[in-house]
Amino acid sequence: IEQFRALKRRIDRKIRVMIEDGIADGSIAPLDPKLLAFALAGALNWPGRWYDPKGPDKPAEIARKLVEILAQGFTSKPR
């Protein structure tokens, strides 16, 4: 279990560094890196629970749509 937790910490740290780099270069909005990393990890981990292989969408299409939603947001106009 400790190895799993250590791996999760390493992955989380790498995601946070990528977010911090994106904030620094302006490609990511100035958000809380820790909270954004948690939101992204949660959003990308849950499809494994709810995905139905008998459903109409293929995994690649679901992944594409999820990345689009996560990257572009879901508001109808800029704030």
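Accessible surface comparison of Asp57, Asp21, Asp12, probe 1.4 Å, protein chains only, largest first: the order is Asp21, Asp57, Asp12.
At 0.36 nm per residue, and after removing the present C-alpha to C-alpha distance, how many nm does the segment from Glu68 to Val17 gain when stretched out fully?
Working it through step by step, the gained length comes to 16.3 nm.
Measuring only protein heavy atoms, the 1.4 Å probe finds Leu40 accessible over about 50 Å².
Shown here for the range 23-74: chymotrypsin sites (Phe, Trp or Tyr not before Pro) in loop regions (DSSP other than H, G, I, E, B) with at most 15 other Cβ atoms within 10 Å, namely Tyr51, Phe74. Sequence-ordered 3J(HN,Hα) estimates for the range 37-43 from the Karplus curve with 6.51, -1.76 and 1.60 and θ = phi - 60° stand at 4, 4, 4, 5, 4, x, 5 Hz, glycine and proline given as x.
Between (i) 61, 11, 4; (ii) 24, 22, 9; (iii) 24, 16, 14, which matches semi-axes √(5λ) of the Cα gyration tensor in Å calculated for the structure shown? Read-out from the structure maps to (ii). Can you give the accessible area of Ser76 in Å² (nearest 10), computed on protein heavy atoms with a 1.4 Å probe? Using a 1.4 Å probe on the heavy atoms, I get roughly 120 Å².
Close amide H partners of Ile28, meaning residues 5 or more places away or on another chain with modelled amide H under 5 Å apart, are Ile23.
Charged neighbours of Phe4, selected by a Cβ distance under 14 Å, balance to +2 (K, R count +1; D, E count -1). Counting only DSSP H runs of at least 4 residues, each contributing -39500 (n - 2.57), and dividing by the residue count of the chain, the helix-based mean residue ellipticity at 222 nm comes to -22500 deg cm²/dmol.
Straight-line reach from Lys8: taking Cα to Cα under 30 Å and skipping same-chain neighbours fewer than 8 places apart, the lysines in range are Lys34, Lys58, Lys65.
In the context of the full set of protein chains, residues of the range 1-72 present 84 Å² of accessible surface per residue (probe radius 1.4 Å, heavy atoms only).
The values are calculated or read from the model by the stated rules, or taken from the named source; none is laboratory data. Just so we're clear, the structure is a prediction, and the values are computed from it rather than from any experiment. Here Cβ is always computed from backbone atoms with ideal geometry, including for glycine, and neighbour counts include all displayed protein chains. Ligands, DNA and RNA are excluded from the accessible area calculation, which covers all protein heavy atoms including side chains. Shrake-Rupley method; radii C 1.70, N 1.55, O 1.52, S 1.80 Å.
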